[in-house]
1. Amide H neighbours of ASP102 under 5 Å, counting only residues 5+ apart in sequence or on other chains, H built in-plane at 1.01 Å?
2. Determine the dipole magnitude for segment 51-128: charges of +1 sit on the beta-carbon of Lys and Arg, -1 on that of Asp and Glu, nothing else is charged, the reference point is the Cα centre, and the result goes in debye to the nearest 20.
3. Mind checking the full-extension length gain between ARG47 and MET84? Use 0.36 nm per residue of separation minus the Cα-Cα distance, one decimal, nm.
4. Calculate, in nm to one decimal, what ASP92 and ALA111 gain on full extension: separation in residues at 0.36 nm each, minus their alpha carbon distance.
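Just so you know, all these numbers are worked out from the coordinates, no wet-lab data involved. Since the structure is predicted, the reported quantities are computational estimates derived from the model, not experimental observations. Neighbour counts are summed over all protein chains in view; Cβ atoms, including those assigned to glycine, are modelled from backbone coordinates with ideal geometry.
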Amino acid sequence: MSLTAAALVLLAGQAAPALAANSLIVAVPRPDSASAGADVAYAELSRGEDRAALAKLVAARADHAQDPAVLLNLAAAYTRLGEMDRALETYDAALSTRVRYDLETGDGHWADSRVLAADGRRASLRAL
């Protein structure tokens, strides 16, 4: 399945200082989602270019404020950059958004975007 056919999400529960480039959520918007045109900074997050990803994701959130792929990646970028208050706020936004859909994880299983947001929030809290 191509990356444009599904959202790819990588999730791990490591503390922020030990985070690898792909250890937190990295998502590509689903073609049938509201964020299909949003740049969710997949390439930047995959390469560990967290500041560049953050800039793209802040811009994407302006137009796609309810999209879980945008919110999850933004929260991951904040976590990687050590901005834990913002990360937790953004995970909370992903948990409460009215938009909800399944995302494919890096190991090939599918999970609800709210489940992934809750997992990411817990991982960020452990990193505090």
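1. Distant-sequence amide H within range of ASP102: SER113.
2. On the way: 11 positive and 11 negative charges, 43 e Å.
It works out to roughly 200 debye.
3. Details: separation 37, 0.36 × 37 = 13.32 nm, distance 2.08 nm.
Taking ARG47 through MET84 to full extension adds about 11.2 nm, to one decimal.
4. Values: separation 19, 0.36 × 19 = 6.84 nm, distance 1.71 nm.
Net length gain for the segment: 5.1 nm.
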